[in-house]
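Okay, structure first, notes after.
The values are calculated or read from the model by the stated rules, or taken from the named source; none is laboratory data. Please read these numbers as outputs of a predicted model, since none were measured by experiment. Reconstructed Cβ throughout: ideal geometry from the backbone, glycine too, with neighbour counts over all protein chains shown. Remember, those area values only see protein heavy atoms, side chains included, never the ligands or the DNA or RNA. Shrake-Rupley method; radii C 1.70, N 1.55, O 1.52, S 1.80 Å.
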Amino acid sequence: MESFDFREELKKILESCVDKMLKNDHYLLENKTHECSISFRIGHYLQNELDSLKKSDRLNIPENLVVDAEYNKCLNGSKICIDELGKESLMRPDLIVHIRGENGFDNNFMAIEIKKSINGSCETEKDYFKLKNLTVGKNEFQYQIGAHVVIDLSKKSREIRWFKDGSPED
């Protein structure tokens, strides 16, 4: 199966999992729990969906494809990027879909950053910088796609901005 098709399928799967969290886990939103609680639930739904798809013949999904949270490793080292001023920053995406112990475009499928907001207001600059670095083809990470998920607590809705090749998709 071509990567392009799988990327598009992953987008639909993530959208569905975020919607499922909004529907099933409203307690987390109403009680303003930490972002990690929301990320965990989305990751839980995402892993379950991928596991279901692995059992079907609909998609050719690698058996060892997993969802990890707050994953800060790049093979045996740390995930590090260098900003415009030459300063090193450690990166720890909220969620990733990848094959553990491998690296590069064929093994790193999706990096996800999740933010809570009230009426659409939230800090995005650091997350955008991280997703640009994780999806650019010139480094060792080379995630096929990135997703910036904003959960609006007041509207109980979501907005997803996609990243590819180091840039937001418009």
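What the table below lists for this structure:
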{"read-out": "Length-normalised contact order for the chain - Cα pairs under 8 Å, 6+ apart - percent", "value": "17"}
{"read-out": "Per residue solvent-accessible surface (Å²) - the chain, probe of 1.4 Å", "value": "54"}
{"read-out": "Segment 96-170 - percent relative contact order, Cα under 8 Å, separation 6 or more", "value": "32"}
{"read-out": "Amide N of segment 97-113 lying under 19 Å from the label point, which is placed 7 angstrom from the Cα of LYS156 along Cα→Cβ", "value": "none"}
